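No value in this document is a laboratory result; all are computed from the given coordinates. Note that the structure is a prediction, hence the values are computed from the model and not measured. No Cβ is skipped: glycine too gets one built from the backbone with ideal geometry, and neighbour counts run over all protein chains shown.
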Amino acid sequence: MIAPAVLRALRKNKTLRYGVPMLLLVVGGSFGLREFSQIRYDAVTIKIDPELEKKLKVNKITLESEYERLLCLLCRQ
């Protein structure tokens, strides 16, 4: 078992008290950011089912077409 005097000295040590948690945060954050960034690039490489891709090309909805549709709906009221 560790002596109480050693534990007290470790608690008073500013490097252990503030430096080690900061270092863990920086290193852990780096790994976390790498994983989240990788998700972004993995999503680009995912292939869509050909049938779904054809359906998406047929149902081409643009911002302008939706605006016109909503404008017509509001004019009818």
- Just from its helices, what would the mean residue ellipticity at 222 nm be for the chain, if runs of 4 or more DSSP H residues each count -39500 (n - 2.57) and the sum is divided by every residue, rounded to the nearest 500 deg cm²/dmol? -24500 deg cm²/dmol
- Percent of Cα pairs exceeding the 15 Å cut-off, where the set is the chain: 79
- Note on the structure: Mean-square fluctuation maximum in Gaussian network of the chain, Cα pairs under 10 Å, restricted to GLU35, GLU66, GLU53, hits GLU66
- Query: Taking the Cα-to-Cβ direction at VAL6 and at TYR41 and moving 7 Å from each Cα, how far apart do the two end points lie in nm?
  - Reply: 4.5
- Item | Added length on full extension, which subtracts the Cα-Cα distance from 0.36 nm per residue, ASN59 to ARG17 | 9.2 nm
- Using +1 on the beta carbon of Lys and Arg, -1 on that of Asp and Glu, and nothing else charged, what's the dipole of the range 4-76 about the Cα centre, debye to 20? 720
- Sorting LEU25, VAL44, VAL58 by the position of each Cα along the dipole of the chain (Lys, Arg +1; Asp, Glu -1; all at Cβ), the one nearest the positive end of that ordering is LEU25
